[in-house]
Ligand code: GRF
């Protein structure tokens, strides 16, 4: 097998997107290998998913650091040590400082459970239901300093049904996330999409 792009996944919780990325990376022709899981939460369920797949994991509790920059520096050192080339954030509930984002720019991606640029931030499915839109979905984007504002790599739409609750809608979107994230990581790992200035450019 050709050399695969060394990829880390940053999580804070459940880790179902991590599981989807690990699953995809088992395909013989998949261009990325998940070599490291980092969590800022020691009790994150996703850590067990990484462990079961025999992937190196590190817990970096943000409370142990005096500043955002110090926390970011520890993450950066951990990524460097594992010779990570691409970082996927999947339910990672911390915001990085500009220095970290600039350093990893173009190699740092995230999944968000809405069709950005609509419904940024938190409590996304509630925002969607409150707005009464009939279509939602998910977005994989490059991370830039402004939260949930990065150039879009890939999106997937799902219907919002009458009578949907946060639970039913988030389950439908999550299924789309699990299909989308591996496709988006493939594009980045194969160099088919790059961050150029403030745009995701397909090459
Ligand atoms: C996903 O909905 C993702 O879009 C959002 O956080 C959730 C993480 O879920 N950023 P999981 O931990 O991957 O199951």
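The values are calculated or read from the model by the stated rules, or taken from the named source; none is laboratory data. All figures in this text were calculated on a predicted structure; none of them were measured in a lab. Please note: Cβ atoms are built from the backbone with ideal geometry, for glycine as well, and neighbour counts cover all protein chains shown.
Cβ-Cβ under 6 Å, sequence separation 6+ or interchain: first residue in the range 1-17 and on the phi > 0 side of the Ramachandran plot, partner at pLDDT 95 or above. Which pairs?
From the range 1-17, the pairs are 15/45; 15/46; 15/49.
Only one of these conditions is not met by residue 155: (1) modelled with pLDDT of 95 or more; (2) out of contact with any strand residue (DSSP E or B) (no Cβ under 6 Å at 6 or more places or on another chain); (3) surrounded by fewer than 19 Cβ atoms within 10 Å (Cβ to Cβ). Which number is it?
Result: residue 155 fails condition (2) only.
Within the range 77-110, can you find the residues that are away from the ligand (no atom under 16 Å from the Cβ) and closer than 16 Å to residue 60 by Cβ?
In the first step, residues of the range 77-110 are kept if they are away from the ligand (no atom under 16 Å from the Cβ); the result is 77-86, 97-107.
Passing the criteria: 77, 78, 79, 80, 81, 82, 84, 97, 100, 104.
Looking at the range 44-53 only, could you name the residues that are touching a helix residue (DSSP H, G or I) at 6+ places or on another chain (Cβ under 8 Å) and in a helix (DSSP H, G or I)?
Residues of the range 44-53 touching a helix residue (DSSP H, G or I) at 6+ places or on another chain (Cβ under 8 Å): 46, 49-50, 53.
Matches in the range 44-53: 46, 49, 50.
Could you list all residues from the range 56-76 that are assigned to a loop (DSSP other than H, G, I, E, B) and either surrounded by fewer than 19 Cβ atoms within 10 Å (Cβ to Cβ) or within 15 Å of the ligand (Cβ to nearest atom) (or both)? Outline the logic, then answer.
Residues of the range 56-76 that are assigned to a loop (DSSP other than H, G, I, E, B), as a first pass: 60-61, 65-67.
Selection gives 61, 65, 66, 67.
For the range 176-195, which positions are in contact with a strand residue (DSSP E or B) (Cβ under 8 Å, 6 or more places away or on another chain) and free of Cβ contacts under 8 Å to residues at least 60 places away in the same chain? Full working, then the answer.
The initial filter retains those residues of the range 176-195 that are in contact with a strand residue (DSSP E or B) (Cβ under 8 Å, 6 or more places away or on another chain), namely 176-177, 179-181, 183-189, 192-195.
Correct list: 176, 183, 187, 192, 193.
May I ask you to list the residues in the range 10-29 that are outside any helix (DSSP H, G or I) and either surrounded by 22 or more Cβ atoms within 10 Å (Cβ to Cβ) or within 13 Å of the ligand (Cβ to nearest atom) (or both)? Steps first, please.
Here is the first cut: in the range 10-29, the residues outside any helix (DSSP H, G or I) are 10-15, 26-29.
Within the range 10-29, 10, 11, 12, 13, 14, 15 meet the criteria.
What is the one condition in (1) away from the ligand (no atom under 13 Å from the Cβ); (2) crowded, with 16+ Cβ neighbours inside 10 Å that residue 52 does not satisfy?
Of (1) away from the ligand (no atom under 13 Å from the Cβ); (2) crowded, with 16+ Cβ neighbours inside 10 Å, only one is false for residue 52: (2).
Going by the structure shown, is residue 41 part of a strand (DSSP E or B) and either more than 15 Å from the ligand (Cβ to nearest atom) or in contact with a strand residue (DSSP E or B) (Cβ under 8 Å, 6 or more places away or on another chain) (or both)?
Values: part of a strand (DSSP E or B): no; either more than 15 Å from the ligand (Cβ to nearest atom) or in contact with a strand residue (DSSP E or B) (Cβ under 8 Å, 6 or more places away or on another chain) (or both): yes.
Spelling it out, it is not the case that residue 41 is part of a strand (DSSP E or B) and either more than 15 Å from the ligand (Cβ to nearest atom) or in contact with a strand residue (DSSP E or B) (Cβ under 8 Å, 6 or more places away or on another chain) (or both).
Kindly evaluate residue 41 against the criterion of being buried (at least 17 other Cβ atoms within 10 Å of the Cβ), over 29 Å from residue 193 (Cα atoms), without any contact (Cβ under 8 Å) to a residue 60 or more places away in the chain and under 17 Å from the mean Cα position of the chain (by Cα).
Values: buried (at least 17 other Cβ atoms within 10 Å of the Cβ): yes; over 29 Å from residue 193 (Cα atoms): yes; without any contact (Cβ under 8 Å) to a residue 60 or more places away in the chain: yes; under 17 Å from the mean Cα position of the chain (by Cα): yes.
In short, yes.
I'd like to check something: does the range 112-126 contain any residue that is surrounded by 13 or more Cβ atoms within 10 Å (Cβ to Cβ), in a helix (DSSP H, G or I) and touching a residue at least 24 places away in the same chain (Cβ under 8 Å)?
yes
Does residue 133 satisfy the criteria of being free of Cβ contacts under 8 Å to residues at least 40 places away in the same chain, within 20 Å of residue 16 (Cβ to Cβ) and in a loop (DSSP other than H, G, I, E, B)?
Values: free of Cβ contacts under 8 Å to residues at least 40 places away in the same chain: yes; within 20 Å of residue 16 (Cβ to Cβ): no; in a loop (DSSP other than H, G, I, E, B): yes.
No, not satisfied.
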